[in-house]
Amino acid sequence: MSGVPAGKTGVVTVNLKAIERNWKALARVVAPAVCGGVVKADAYGLGANRVIPALSRAGCRTFFVATADEAVQARTLSAGATIFVLDGLVSGSEAVLIGADAIPVLSDPDAIREWADIAAGRNTRLPLAIQVDSGLNRLGLTEDGIHSLSGEEAVWHNLDLRLVMSHLACADEPNNPMNECQLQAFQHLSSLLPAGPRSLAASDGLMLGKGYHCDLVRPGYALYGGQAFQGGRTPVEPAVRADAVVLQVRNVDAGQSIGYSATFHTAEPRRIATIAAGYADGMFRSLSAGDGERGGSVVINGKRAPIVGRVSMDLITVDVSADPFSGLKRGDWVTLIGPDLPVELVGSSAKTIGYEVLTNLGRRFARVYLDGEQD
Ligand SMILES: *Cc1c(COP(=O)(O)O)cnc(C)c1O
(Lines give C-alpha, C1' and ligand atoms only; values in the text may rest on other atoms or scores of the structure.)
Protein backbone atom coordinates (compact mmCIF):
# COMPACT_ATOMS: atom_id res chain seq x y z
CA MET A 1 0.00 0.00 0.00
CA SER A 2 1.52 3.31 -1.04
CA GLY A 3 0.79 6.52 0.81
CA VAL A 4 0.24 4.89 4.21
CA PRO A 5 1.94 6.75 7.06
CA ALA A 6 4.70 4.70 8.70
CA GLY A 7 3.57 2.46 11.52
CA LYS A 8 -0.11 2.41 10.62
CA THR A 9 -1.71 -1.02 10.68
CA GLY A 10 -4.73 -0.04 8.64
CA VAL A 11 -5.95 2.63 6.28
CA VAL A 12 -9.32 4.02 5.33
CA THR A 13 -9.15 5.48 1.85
CA VAL A 14 -11.79 8.07 1.04
CA ASN A 15 -12.23 9.03 -2.59
CA LEU A 16 -13.34 12.66 -2.41
CA LYS A 17 -13.78 12.86 -6.19
CA ALA A 18 -16.20 9.95 -5.99
CA ILE A 19 -18.14 11.75 -3.25
CA GLU A 20 -18.31 14.85 -5.45
CA ARG A 21 -19.55 12.77 -8.40
CA ASN A 22 -22.08 11.05 -6.15
CA TRP A 23 -23.49 14.37 -4.96
CA LYS A 24 -23.76 15.61 -8.55
CA ALA A 25 -25.46 12.39 -9.65
CA LEU A 26 -28.04 12.65 -6.87
CA ALA A 27 -28.55 16.36 -7.60
CA ARG A 28 -29.41 15.38 -11.19
CA VAL A 29 -31.85 12.72 -10.01
CA VAL A 30 -33.79 15.13 -7.83
CA ALA A 31 -33.63 18.37 -9.87
CA PRO A 32 -35.41 20.77 -9.72
CA ALA A 33 -35.46 19.88 -6.02
CA VAL A 34 -32.28 20.90 -4.22
CA CYS A 35 -29.80 18.29 -3.01
CA GLY A 36 -28.27 18.82 0.42
CA GLY A 37 -25.62 16.76 2.14
CA VAL A 38 -25.79 15.02 5.52
CA VAL A 39 -22.39 15.19 7.20
CA LYS A 40 -23.27 14.29 10.80
CA ALA A 41 -21.02 12.02 12.86
CA ASP A 42 -17.88 13.39 11.18
CA ALA A 43 -19.35 12.70 7.73
CA TYR A 44 -20.26 9.15 8.69
CA GLY A 45 -16.80 8.62 10.13
CA LEU A 46 -14.97 9.62 6.94
CA GLY A 47 -13.72 13.03 8.09
CA ALA A 48 -16.00 16.07 7.82
CA ASN A 49 -12.93 18.31 7.47
CA ARG A 50 -12.27 16.79 4.05
CA VAL A 51 -15.78 15.74 3.02
CA ILE A 52 -17.50 19.11 3.56
CA PRO A 53 -15.05 21.02 1.30
CA ALA A 54 -15.43 18.29 -1.35
CA LEU A 55 -19.21 18.55 -1.26
CA SER A 56 -18.93 22.34 -1.43
CA ARG A 57 -16.76 22.02 -4.55
CA ALA A 58 -19.42 19.81 -6.08
CA GLY A 59 -22.01 22.51 -5.47
CA CYS A 60 -23.65 21.51 -2.20
CA ARG A 61 -24.88 24.55 -0.26
CA THR A 62 -27.04 22.91 2.41
CA PHE A 63 -25.59 20.69 5.11
CA PHE A 64 -27.19 18.70 7.89
CA VAL A 65 -25.27 17.90 11.06
CA ALA A 66 -26.52 16.39 14.32
CA THR A 67 -24.99 18.57 17.02
CA ALA A 68 -24.02 22.18 17.66
CA ASP A 69 -20.34 21.18 17.80
CA GLU A 70 -20.62 19.64 14.37
CA ALA A 71 -22.26 22.86 13.15
CA VAL A 72 -19.32 24.92 14.39
CA GLN A 73 -16.93 22.68 12.48
CA ALA A 74 -19.11 22.76 9.35
CA ARG A 75 -19.26 26.54 9.49
CA THR A 76 -15.48 26.87 9.48
CA LEU A 77 -15.40 24.67 6.36
CA SER A 78 -18.23 26.26 4.39
CA ALA A 79 -18.63 29.97 4.96
CA GLY A 80 -21.79 30.61 2.97
CA ALA A 81 -23.68 27.36 3.39
CA THR A 82 -26.97 26.74 5.15
CA ILE A 83 -26.39 24.43 8.10
CA PHE A 84 -29.23 22.56 9.80
CA VAL A 85 -28.72 20.91 13.20
CA LEU A 86 -30.85 17.79 13.50
CA ASP A 87 -30.65 17.45 17.29
CA GLY A 88 -32.06 20.95 17.63
CA LEU A 89 -31.66 22.93 20.80
CA VAL A 90 -30.09 21.42 23.90
CA SER A 91 -29.29 23.15 27.14
CA GLY A 92 -26.75 25.89 26.57
CA SER A 93 -26.39 25.37 22.82
CA GLU A 94 -28.18 28.55 21.70
CA ALA A 95 -25.07 30.75 21.76
CA VAL A 96 -23.11 28.14 19.83
CA LEU A 97 -25.87 27.77 17.24
CA ILE A 98 -26.27 31.51 16.79
CA GLY A 99 -22.51 32.01 16.69
CA ALA A 100 -22.19 29.41 13.94
CA ASP A 101 -25.18 30.84 12.06
CA ALA A 102 -26.69 27.36 12.22
CA ILE A 103 -30.38 26.52 12.08
CA PRO A 104 -31.77 24.14 14.69
CA VAL A 105 -34.28 21.53 13.59
CA LEU A 106 -36.92 21.70 16.33
CA SER A 107 -39.40 18.97 17.07
CA ASP A 108 -40.91 19.94 20.38
CA PRO A 109 -43.41 22.76 21.09
CA ASP A 110 -41.47 23.87 24.17
CA ALA A 111 -38.20 23.94 22.25
CA ILE A 112 -39.88 26.15 19.64
CA ARG A 113 -41.20 28.49 22.35
CA GLU A 114 -37.75 28.57 23.94
CA TRP A 115 -36.13 29.48 20.62
CA ALA A 116 -38.72 32.24 20.12
CA ASP A 117 -37.96 33.58 23.62
CA ILE A 118 -34.25 33.60 22.85
CA ALA A 119 -35.02 35.55 19.66
CA ALA A 120 -37.19 38.03 21.57
CA GLY A 121 -34.48 38.45 24.20
CA ARG A 122 -32.02 39.36 21.46
CA ASN A 123 -34.49 41.57 19.66
CA THR A 124 -34.15 39.57 16.48
CA ARG A 125 -35.87 36.88 14.46
CA LEU A 126 -34.14 33.53 14.54
CA PRO A 127 -34.23 30.90 11.79
CA LEU A 128 -35.50 27.42 12.48
CA ALA A 129 -36.53 24.22 10.79
CA ILE A 130 -39.44 22.21 12.11
CA GLN A 131 -39.53 18.46 12.02
CA VAL A 132 -43.00 16.95 12.01
CA ASP A 133 -43.68 13.34 12.86
CA SER A 134 -45.27 11.60 9.90
CA GLY A 135 -45.14 8.14 11.49
CA LEU A 136 -41.58 7.33 12.52
CA ASN A 137 -42.40 8.26 16.12
CA ARG A 138 -38.89 9.33 16.82
CA LEU A 139 -38.33 13.10 16.66
CA GLY A 140 -41.08 15.33 15.41
CA LEU A 141 -43.92 17.66 16.19
CA THR A 142 -47.30 15.95 16.37
CA GLU A 143 -50.53 17.41 15.04
CA ASP A 144 -51.53 18.34 18.60
CA GLY A 145 -48.19 20.05 19.03
CA ILE A 146 -48.76 22.09 15.89
CA HIS A 147 -52.25 23.11 17.07
CA SER A 148 -50.93 24.09 20.48
CA LEU A 149 -48.58 26.55 18.79
CA SER A 150 -50.89 27.85 16.10
CA GLY A 151 -52.54 30.48 18.28
CA GLU A 152 -49.29 31.81 19.68
CA GLU A 153 -48.65 34.82 17.47
CA ALA A 154 -45.69 35.96 19.57
CA VAL A 155 -43.88 32.70 18.89
CA TRP A 156 -44.18 32.92 15.11
CA HIS A 157 -43.43 36.64 15.19
CA ASN A 158 -39.90 35.99 16.40
CA LEU A 159 -39.15 33.03 14.18
CA ASP A 160 -38.19 32.60 10.57
CA LEU A 161 -39.28 29.17 9.35
CA ARG A 162 -36.70 27.95 6.82
CA LEU A 163 -37.68 24.32 6.40
CA VAL A 164 -40.39 21.85 7.35
CA MET A 165 -39.16 18.29 7.29
CA SER A 166 -40.01 14.75 8.28
CA HIS A 167 -38.24 11.39 8.05
CA LEU A 168 -39.35 8.10 6.49
CA ALA A 169 -39.27 4.79 8.36
CA CYS A 170 -39.25 2.30 5.47
CA ALA A 171 -37.98 4.23 2.46
CA ASP A 172 -35.50 1.47 1.62
CA GLU A 173 -38.48 -0.74 0.73
CA PRO A 174 -40.17 0.70 -2.36
CA ASN A 175 -43.35 -1.35 -1.94
CA ASN A 176 -43.90 -0.66 1.71
CA PRO A 177 -47.30 1.06 2.07
CA MET A 178 -45.91 3.07 4.97
CA ASN A 179 -44.10 5.33 2.48
CA GLU A 180 -47.31 6.61 0.90
CA CYS A 181 -48.96 6.94 4.35
CA GLN A 182 -46.06 9.04 5.61
CA LEU A 183 -46.07 11.18 2.46
CA GLN A 184 -49.75 11.96 3.00
CA ALA A 185 -49.27 12.60 6.71
CA PHE A 186 -46.36 14.91 5.87
CA GLN A 187 -48.41 16.87 3.36
CA HIS A 188 -51.24 17.22 5.85
CA LEU A 189 -49.02 18.31 8.77
CA SER A 190 -47.04 20.70 6.53
CA SER A 191 -50.27 22.35 5.43
CA LEU A 192 -50.90 23.36 9.05
CA LEU A 193 -47.60 25.25 9.22
CA PRO A 194 -46.49 28.49 7.54
CA ALA A 195 -45.37 28.24 3.90
CA GLY A 196 -41.74 27.50 3.04
CA PRO A 197 -39.48 24.76 1.72
CA ARG A 198 -40.29 21.12 2.51
CA SER A 199 -38.03 18.07 2.85
CA LEU A 200 -38.88 14.40 3.36
CA ALA A 201 -36.35 12.14 1.64
CA ALA A 202 -32.90 10.85 2.63
CA SER A 203 -30.69 8.53 0.50
CA ASP A 204 -33.30 5.84 0.14
CA GLY A 205 -36.38 8.08 -0.03
CA LEU A 206 -35.04 10.05 -2.96
CA MET A 207 -35.17 6.81 -4.96
CA LEU A 208 -38.94 6.55 -4.38
CA GLY A 209 -39.60 9.13 -7.10
CA LYS A 210 -40.51 12.75 -7.66
CA GLY A 211 -43.38 12.77 -5.20
CA TYR A 212 -40.93 12.33 -2.35
CA HIS A 213 -38.39 14.96 -3.40
CA CYS A 214 -40.36 18.04 -2.26
CA ASP A 215 -38.01 21.06 -2.27
CA LEU A 216 -34.90 19.56 -0.70
CA VAL A 217 -33.49 16.05 -0.24
CA ARG A 218 -31.13 15.04 2.55
CA PRO A 219 -28.84 12.18 1.48
CA GLY A 220 -25.93 11.07 3.62
CA TYR A 221 -25.13 7.40 3.12
CA ALA A 222 -25.53 7.48 -0.68
CA LEU A 223 -22.99 10.30 -0.96
CA TYR A 224 -20.44 7.93 0.54
CA GLY A 225 -21.36 5.20 -1.92
CA GLY A 226 -23.93 3.43 0.22
CA GLN A 227 -26.75 1.46 -1.38
CA ALA A 228 -29.56 1.71 1.14
CA PHE A 229 -32.46 1.52 -1.32
CA GLN A 230 -33.55 -2.05 -2.04
CA GLY A 231 -35.64 -1.33 -5.13
CA GLY A 232 -32.76 -0.71 -7.53
CA ARG A 233 -29.33 0.74 -7.78
CA THR A 234 -28.79 4.27 -6.49
CA PRO A 235 -26.61 5.98 -9.14
CA VAL A 236 -23.56 6.38 -6.93
CA GLU A 237 -20.15 4.73 -6.87
CA PRO A 238 -18.21 3.34 -3.90
CA ALA A 239 -16.15 6.06 -2.21
CA VAL A 240 -14.60 4.22 0.72
CA ARG A 241 -12.21 1.36 1.13
CA ALA A 242 -10.42 -0.04 4.14
CA ASP A 243 -7.32 -2.19 4.21
CA ALA A 244 -5.27 -3.71 7.00
CA VAL A 245 -1.89 -5.32 7.21
CA VAL A 246 -1.09 -9.01 7.64
CA LEU A 247 0.95 -9.60 10.80
CA GLN A 248 1.57 -13.33 10.45
CA VAL A 249 0.76 -16.24 8.16
CA ARG A 250 1.29 -19.72 9.47
CA ASN A 251 0.15 -23.31 9.32
CA VAL A 252 -2.13 -24.70 12.00
CA ASP A 253 -2.35 -28.46 12.44
CA ALA A 254 -5.57 -30.43 12.29
CA GLY A 255 -7.43 -30.64 15.59
CA GLN A 256 -6.36 -27.23 16.88
CA SER A 257 -8.62 -24.39 17.93
CA ILE A 258 -8.27 -20.81 16.83
CA GLY A 259 -8.76 -17.71 18.94
CA TYR A 260 -10.53 -16.82 22.17
CA SER A 261 -12.91 -19.37 23.66
CA ALA A 262 -11.70 -21.89 21.07
CA THR A 263 -14.88 -21.55 19.02
CA PHE A 264 -13.32 -22.69 15.73
CA HIS A 265 -11.50 -25.99 15.18
CA THR A 266 -9.34 -27.09 12.29
CA ALA A 267 -10.73 -30.37 10.93
CA GLU A 268 -7.65 -30.58 8.68
CA PRO A 269 -4.41 -28.61 8.49
CA ARG A 270 -5.10 -24.95 7.66
CA ARG A 271 -3.13 -21.88 6.75
CA ILE A 272 -4.17 -18.95 8.92
CA ALA A 273 -3.42 -15.25 8.41
CA THR A 274 -3.63 -12.92 11.39
CA ILE A 275 -4.58 -9.40 10.39
CA ALA A 276 -4.26 -6.12 12.33
CA ALA A 277 -7.93 -5.21 12.46
CA GLY A 278 -10.18 -5.97 15.40
CA TYR A 279 -13.34 -4.73 17.01
CA ALA A 280 -11.53 -1.58 18.17
CA ASP A 281 -11.12 -0.82 14.47
CA GLY A 282 -14.78 -1.41 13.67
CA MET A 283 -14.53 -5.08 12.71
CA PHE A 284 -17.57 -6.06 14.72
CA ARG A 285 -17.27 -9.04 17.00
CA SER A 286 -20.36 -10.42 15.30
CA LEU A 287 -18.13 -11.11 12.26
CA SER A 288 -16.66 -14.01 14.26
CA ALA A 289 -17.18 -17.57 13.01
CA GLY A 290 -17.18 -20.64 15.24
CA ASP A 291 -17.42 -24.21 13.94
CA GLY A 292 -20.01 -24.44 11.17
CA GLU A 293 -20.78 -20.73 11.29
CA ARG A 294 -20.38 -18.16 8.56
CA GLY A 295 -18.89 -14.88 9.70
CA GLY A 296 -17.26 -12.03 7.85
CA SER A 297 -14.53 -12.12 5.27
CA VAL A 298 -11.68 -10.10 3.82
CA VAL A 299 -10.60 -9.78 0.21
CA ILE A 300 -7.19 -10.95 -0.95
CA ASN A 301 -6.30 -10.82 -4.65
CA GLY A 302 -9.93 -10.20 -5.52
CA LYS A 303 -11.17 -13.29 -3.64
CA ARG A 304 -12.93 -13.49 -0.29
CA ALA A 305 -11.24 -15.35 2.53
CA PRO A 306 -13.36 -16.22 5.59
CA ILE A 307 -12.76 -14.96 9.11
CA VAL A 308 -12.41 -17.96 11.45
CA GLY A 309 -12.65 -17.84 15.22
CA ARG A 310 -13.39 -14.81 17.35
CA VAL A 311 -12.74 -11.25 16.31
CA SER A 312 -10.61 -9.80 19.10
CA MET A 313 -9.82 -6.17 19.96
CA ASP A 314 -6.94 -5.74 17.55
CA LEU A 315 -6.93 -8.85 15.38
CA ILE A 316 -8.84 -11.17 13.13
CA THR A 317 -7.80 -14.61 11.94
CA VAL A 318 -8.57 -15.59 8.37
CA ASP A 319 -8.43 -18.95 6.63
CA VAL A 320 -6.11 -18.51 3.66
CA SER A 321 -5.62 -22.21 2.86
CA ALA A 322 -7.18 -21.91 -0.61
CA ASP A 323 -5.04 -21.53 -3.74
CA PRO A 324 -5.68 -17.88 -4.57
CA PHE A 325 -4.10 -16.89 -1.26
CA SER A 326 -1.00 -19.06 -1.50
CA GLY A 327 1.42 -16.15 -1.92
CA LEU A 328 0.10 -14.18 1.06
CA LYS A 329 2.79 -13.15 3.52
CA ARG A 330 3.48 -10.93 6.49
CA GLY A 331 3.38 -7.25 5.50
CA ASP A 332 0.84 -7.73 2.69
CA TRP A 333 -2.43 -5.82 2.85
CA VAL A 334 -5.91 -7.27 2.74
CA THR A 335 -9.14 -5.46 2.03
CA LEU A 336 -11.82 -5.11 4.70
CA ILE A 337 -14.13 -2.95 2.57
CA GLY A 338 -13.70 -2.38 -1.14
CA PRO A 339 -15.06 -3.02 -4.61
CA ASP A 340 -15.33 -6.78 -3.96
CA LEU A 341 -16.61 -6.39 -0.42
CA PRO A 342 -19.22 -3.61 -0.22
CA VAL A 343 -20.03 -2.05 3.09
CA GLU A 344 -23.58 -3.47 2.90
CA LEU A 345 -22.17 -7.01 2.78
CA VAL A 346 -19.88 -6.36 5.74
CA GLY A 347 -22.93 -4.97 7.55
CA SER A 348 -25.13 -7.96 6.84
CA SER A 349 -22.33 -10.39 7.79
CA ALA A 350 -22.08 -8.53 11.10
CA LYS A 351 -25.87 -8.64 11.56
CA THR A 352 -26.08 -4.88 11.20
CA ILE A 353 -26.17 -2.31 8.40
CA GLY A 354 -23.50 -0.58 6.34
CA TYR A 355 -24.18 2.67 8.20
CA GLU A 356 -22.95 1.21 11.46
CA VAL A 357 -19.89 -0.26 9.77
CA LEU A 358 -18.97 3.09 8.19
CA THR A 359 -19.37 5.11 11.36
CA ASN A 360 -17.17 2.71 13.36
CA LEU A 361 -14.53 2.14 10.77
CA GLY A 362 -10.84 2.34 11.47
CA ARG A 363 -10.78 4.74 14.40
CA ARG A 364 -7.04 4.22 14.71
CA PHE A 365 -6.35 3.60 11.04
CA ALA A 366 -4.78 6.22 8.82
CA ARG A 367 -7.17 8.23 6.66
CA VAL A 368 -5.97 8.72 3.11
CA TYR A 369 -7.90 11.07 0.83
CA LEU A 370 -7.90 10.80 -2.94
CA ASP A 371 -8.82 14.05 -4.61
CA GLY A 372 -6.94 14.02 -7.90
CA GLU A 373 -8.39 13.31 -11.33
CA GLN A 374 -6.35 10.12 -11.51
CA ASP A 375 -8.57 8.60 -8.88
C1 LIG B 1 -29.18 10.78 9.11
C2 LIG B 1 -30.38 11.46 8.53
C3 LIG B 1 -30.50 11.65 7.15
C4 LIG B 1 -29.55 11.03 6.16
O5 LIG B 1 -29.89 9.67 6.04
P6 LIG B 1 -29.17 8.71 4.97
O7 LIG B 1 -29.96 7.48 5.04
O8 LIG B 1 -27.77 8.57 5.42
O9 LIG B 1 -29.26 9.40 3.65
C10 LIG B 1 -31.55 12.41 6.69
N11 LIG B 1 -32.47 12.93 7.54
C12 LIG B 1 -32.41 12.73 8.87
C13 LIG B 1 -33.45 13.29 9.74
C14 LIG B 1 -31.36 11.98 9.41
O15 LIG B 1 -31.31 11.76 10.73
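Looking only at region 297-304, decide whether some residue is in contact (Cβ under 8 Å) with a residue 40 or more places away in the chain, surrounded by 20 or more Cβ atoms within 10 Å (Cβ to Cβ) and under 22 Å from residue 323 (Cα atoms). Walk me through it before giving the result.
Step one: filter region 297-304 for residues in contact (Cβ under 8 Å) with a residue 40 or more places away in the chain, giving 297-299.
Filter once more, keeping what is surrounded by 20 or more Cβ atoms within 10 Å (Cβ to Cβ): 297-298.
The next check asks that each one be under 22 Å from residue 323 (Cα atoms); those that pass are 297-298.
Among the residues of region 297-304, at least one is in contact (Cβ under 8 Å) with a residue 40 or more places away in the chain, surrounded by 20 or more Cβ atoms within 10 Å (Cβ to Cβ) and under 22 Å from residue 323 (Cα atoms), which makes the answer yes.
Within region 213-227, take every residue that is open to solvent by 20 Å² or more (accessible area, probe 1.4 Å) and within 13 Å of the ligand (Cβ to nearest atom) and give me the one that is farthest from residue 354 (Cα to Cα).
So the residue we want is 214.
What residue, among those in region 125-155 that are more than 16 Å from the ligand (Cβ to nearest atom) and assigned to a strand (DSSP E or B), is nearest to residue 217 (Cα to Cα)?
The selected residue is 127.
Please work out which residue is nearest to residue 105 (Cα to Cα), limiting yourself to region 42-78 and to residues that are among the acidic types (Asp, Glu) and within 17 Å of the chain's Cα centre (by Cα).
Only one residue tops the list, namely 70.
Find the residue count for region 185-210, including only residues that are in contact with a strand residue (DSSP E or B) (Cβ under 9 Å, 6 or more places away or on another chain), outside any strand (DSSP E or B) and within 11 Å of the ligand (Cβ to nearest atom).
Qualifying residue count, region 185-210: 6.
Identify, by number, the condition in (1) charged (D, E, K, R); (2) part of a loop (DSSP other than H, G, I, E, B); (3) in contact with a Gly (Cβ under 7 Å, 6 or more places away or on another chain) that residue 173 doesn't meet.
In the conditions (1) charged (D, E, K, R); (2) part of a loop (DSSP other than H, G, I, E, B); (3) in contact with a Gly (Cβ under 7 Å, 6 or more places away or on another chain), residue 173 misses (3) alone.
Tell me, which residue of region 190-211 that is within 30 Å of residue 339 (Cβ to Cβ) and over 19 Å from the mean Cα position of the chain (by Cα) is surrounded by the most Cβ atoms within 10 Å (Cβ to Cβ)?
Result: 208.
Residues that are over 21 Å from residue 128 (Cβ atoms) and within 16 Å of the ligand (Cβ to nearest atom): list the helices (runs of 4 or more DSSP H) wholly contained in region 1-94 that include at least 1 such residues. Can you show your working first?
Details: elements: 16-30, 40-44, 48-58, 68-77.
Filter on region 1-94 gives 16-30, 40-44, 48-58.
Just checking, which of 57, 113 is within 20 Å of residue 217 (Cβ to Cβ) and open to solvent by 50 Å² or more (accessible area, probe 1.4 Å)?
Unique residue meeting the criteria: 57.
Give the number of residues within region 211-247 that are under 30 Å from residue 8 (Cα atoms) and part of a loop (DSSP other than H, G, I, E, B). Step through it out loud before you land on a result.
Step one: list which residues in region 211-247 are under 30 Å from residue 8 (Cα atoms), which gives 220-227, 236-247.
Subset that is part of a loop (DSSP other than H, G, I, E, B): 220, 225-227, 236-239.
Qualifying residue count for the region: 8.
Give me the pairs, please: first residue somewhere in region 107-131 and among the hydrophobic types (A, V, I, L, M, F, W, C), second residue anywhere and open to solvent by 60 Å² or more (accessible area, probe 1.4 Å) and within 16 Å of the ligand (Cβ to nearest atom), beta-carbon distance under 6 Å, and either six or more positions apart or on two chains.
Sorted first by the residue in region 107-131, then by its partner, the pairs are 129/162.
Go through the residues of region 229-248 one by one and say whether even a single one is in contact with a Phe, Trp or Tyr (Cβ under 9 Å, 6 or more places away or on another chain), within 16 Å of the ligand (Cβ to nearest atom), touching a residue at least 12 places away in the same chain (Cβ under 8 Å) and open to solvent by 60 Å² or more (accessible area, probe 1.4 Å).
Yes, the conditions are met somewhere in region 229-248.
Please go through region 95-110 and give me each residue that is away from the ligand (no atom under 16 Å from the Cβ) and buried (at least 22 other Cβ atoms within 10 Å of the Cβ), ordered by number.
97 - this is the single residue of region 95-110 that is away from the ligand (no atom under 16 Å from the Cβ) and buried (at least 22 other Cβ atoms within 10 Å of the Cβ).
Tally up the residues in region 60-83 that are crowded, with 24+ Cβ neighbours inside 10 Å, touching a Leu at 6+ places or on another chain (Cβ under 7 Å) and of a type outside the set (A, V, I, L, M), please.
Of the residues in that region, 1 qualify.
Does region 119-150 hold any residues that are open to solvent by less than 30 Å² (accessible area, probe 1.4 Å) and within 15 Å of residue 103 (Cβ to Cβ), and which are they?
Answer for region 119-150, where residues must be open to solvent by less than 30 Å² (accessible area, probe 1.4 Å) and within 15 Å of residue 103 (Cβ to Cβ): 119, 126, 127, 128, 129, 130, 131.
Can you run down the residue pairs with Cβ atoms below 6 Å, 6 or more apart or on separate chains, where the first is in region 345-356 and in contact (Cβ under 8 Å) with a residue 12 or more places away in the chain and more than 16 Å from the ligand (Cβ to nearest atom) and the partner is among the small types (Gly, Ala, Ser) and not in a helix (DSSP H, G or I)?
Here the result reads 349/296, each pair linking region 345-356 to a residue that is among the small types (Gly, Ala, Ser) and not in a helix (DSSP H, G or I).
The values are calculated or read from the model by the stated rules, or taken from the named source; none is laboratory data. Keep in mind the model is a prediction, meaning the values are calculated, not measured. Reconstructed Cβ throughout: ideal geometry from the backbone, glycine too, with neighbour counts over all protein chains shown. The protein model used for the area step is the full one, side chains on, heavy atoms only, and it has no ligands, DNA or RNA in it. Shrake-Rupley method; radii C 1.70, N 1.55, O 1.52, S 1.80 Å.
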